[in-house]
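The values are calculated or read from the model by the stated rules, or taken from the named source; none is laboratory data. Being a predicted model, the structure only gives us computed values, none of them experimental. Note that each Cβ is placed from the backbone with ideal geometry, even for glycine, and that neighbours are counted across all protein chains shown. In case anyone asks, the SASA skips ligands and DNA or RNA and just uses the protein heavy atoms, side chains included. Shrake-Rupley method; radii C 1.70, N 1.55, O 1.52, S 1.80 Å.
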Amino acid sequence: MTTSTTPSPFTETTGPARHAAFAELATTGPVQKVMLFTGVPAWVVTGYAEARELLAHPALVKIEGGGPHMDAMPPDLNAAMNTHLLGTNPPDHTRLRRLVTAAFTVRRIEALAPRVQEITDALLDALEGEGDGPVDLVDGFGFPLPITVITELLGIPPGDRADFRRWSSVTVNGTVHPPEVYVDAARSMVGYVRELIGAKRADPGDDLLSALIAVHEGGDRLSVDELTSMVFLLLVAGHETTVNLIVSGTYALLRNPDQLALLRAEPDRLPAAVEELLRYDGPVQVTIPAVAAAPIDVGGVTIPAGEIVLPALLAANRDPSRFPEPDRLDITRPSNAHMAFGHGLHHCLGAPLARLEGRIALGTLINRFPRLRLADPAGEPARNPGLLMNGLVALPVVLG
Ligand code: HEM
């Protein structure tokens, strides 16, 4: 097992150091057993082919019921928060995904484009109104855009969004809060969502939550715990990730002026540019922890049954055997089959929405502000610490 003297990608706080630590880990093999900073051993998968193989492997299963850090949570709250797609395996996962897919239609997502544009424009108006000084792209743009979109999509009334944002942030970062703070936020959020479900059931709207309540197939429908957990998952997955695409994407373009200039000159390249930004510095570092249900042979090693496996999407997306010159941002890169949205059964359900938001947010920002620049071009902005996400704490920029 790799010892603590080896650089740990998860504790590095800048992008270049994090990518370099993953690259260093990859030099010892595509599948490595390491001791995580949390004191738990896990198999970290840095190879593209190996990560892809594992994510599609029937013996690699998600940890059900929220995992060990939910010990402090009363069972009824745990069930209301963790009976969702990322905490289930077939056949439960298959059933849930089918029911949700029926409500999360392409038509519903495409219809959001004008509204995403309006929210984007309003947020940029507000940032511009702050004057000539630096503004923080995380607080002022990257974070409020996706949370507004997902809460509107779900049908959460505007006046309740601030509470919801607070509960979500506490519950997502559960392990860094004292258990009573965490349990309190969870109780408030679950209570709120249960009431909202009751209200939507009595008086359905044209929103995703009403559609999820109404969806049924051959007599099957989502239970209240399943609905509550789904709202929780969509809310968290719907904004904690997209903020990183918008902010890290802007940062990568500002650090690569030739690519930014090409994109401004040829706006048709925007969809391909978003894919390259997802590959180059994606929002999700490793997928949600999974365990080997049986021994798995992969990349020249055997992962024993019961051990934790972490496919590292960030490293797989820079595997030189799949992507030539992986550390170069190249928006013209052909065949960009990155894994930023995962792979296999749990492949991101919200990818079309994330792409829509990423294209509108990045396209509007760079075209509206031709002089957009980093407030501190010499510095390297800090990343949020932690296992799962890869994103900047703040990104001060000057708009014009
Ligand atoms: C799953 C990435 C945005 C909803 C996933 C997974 C990844 C991912 C890597 C697989 C996790 C695993 O296997 O453990 C991203 C990225 C996003 C993004 C990079 C933004 C750029 C969204 C949005 C939504 C969403 C906007 C919803 C509105 C989901 C859901 C799942 C999921 C529900 C679970 C699917 C399942 O288990 O079947 N996402 N996501 N995501 N994502 Fe996203």
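Exactly one residue out of 361, 337 is within 16 Å of the ligand (Cβ to nearest atom), at pLDDT 95 or above and in contact with a helix residue (DSSP H, G or I) (Cβ under 8 Å, 6 or more places away or on another chain): that is 361.
In this structure, is residue 217 of a type in the set (D, E, K, R), out of contact with any Asp or Glu (no Cβ under 6 Å at 6 or more places or on another chain), open to solvent by 40 Å² or more (accessible area, probe 1.4 Å) and at pLDDT 95 or above? Here the answer is no, as residue 217 does not meet what is asked.
Among the criteria (1) more than 14 Å from the ligand (Cβ to nearest atom); (2) over 30 Å from residue 300 (Cβ atoms), the one residue 29 does not fulfil is (2). Scanning the range 188-240 for residues that are among the β-branched types (Val, Ile, Thr) and away from the ligand (no atom under 13 Å from the Cβ) turns up 190, 193, 197, 213, 215, 224, 228. Scanning the range 338-353 for residues that are among the aliphatic types (A, V, I, L, M) and either over 11 Å from the mean Cα position of the chain (by Cα) or within 16 Å of residue 88 (Cβ to Cβ) (or both) returns 339, 345, 349, 353. Residues 112, 54: which one is farther than 28 Å from residue 182 by Cβ, touching a Pro at 6+ places or on another chain (Cβ under 6 Å) and of a type outside the set (Gly, Ala, Ser)? Just one listed residue meets the conditions, 54. Looking at (1) closer than 28 Å to residue 233 by Cα; (2) in a helix (DSSP H, G or I), can you tell me which one residue 17 breaks? Failed condition: (1). The set of residues in the range 359-395 that are over 18 Å from residue 15 (Cβ atoms) and open to solvent by less than 30 Å² (accessible area, probe 1.4 Å) comprises 360, 361, 363, 364, 365, 366, 369, 372. Among the residues of the range 103-118, those that are under 15 Å from residue 354 (Cβ atoms) and open to solvent by 40 Å² or more (accessible area, probe 1.4 Å) comprise 106, 108, 110.
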